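Quick notes on the structure that follows.
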Amino acid sequence: MLFLIRHSLLKTILPIMLTVLCLTVFSGRDAVCAQDRFDEYQVKSAFLYNLANFIYWPNESFENSQSPFVITVLGKNPFATFLEEITSGETVNGHPILVQYVASFEELGKTHILFVHRDSAKNIGSILVKQSELGVLTVSDFDQFPLEGGALALLMDRQRILLTLNLEVAERAGLRISSKLLRLAKIVKRQSS
């Protein structure tokens, strides 16, 4: 069991640690790190996976104890294979993780985390209606997403991930956010229409 925990942590943390080490040791402008810079979506894959451990989904969001924990990417897939690699063989509270990709809202089935690529997030009206379904956390890399009714935005700024959370939207979906995640996120409210 200890090996599995260590393996899981190493698989998640090692790429980020290497990036920090490279940035620290090779801080010169022209320095090149052996690992080079990590792709934005490699880092966001790790964050998506780890988000699941800081959010509590209601039991009703699972059909049974063996039901998968589903992460769905809607629209363009910016993750390549990073998301599958980081979640392969992993579980969330005993539920095996399943990653799926859908091109359109009409293809969307049962999901727990819905990642909406910024290109699709600009027209999010129908997505947000569906999001109000119990137990769905909507996430995007569109900066206005939480202000327009989405739950969480994952944004990059100077090699750092910034989290912007619309807590009201998440709570309306029946989700409880860990205090650890709340301390990291900027909390916003939906803009009035």
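Quick rundown of the values:
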| quantity | calculated |
| --- | --- |
| Share of carbon and sulfur in the accessible heavy-atom surface of segment 57-109 [1.4 Å probe, %] | 49 percent |
| Apportionment of accessible area to carbon and sulfur, segment 151-193, percent (1.4 Å) | 46 percent |
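The values are calculated or read from the model by the stated rules, or taken from the named source; none is laboratory data. Because the structure is a prediction, the values reported are computed rather than measured. With ligands, DNA and RNA removed, areas are computed over all heavy atoms of the protein, side chains included. Shrake-Rupley method; radii C 1.70, N 1.55, O 1.52, S 1.80 Å.
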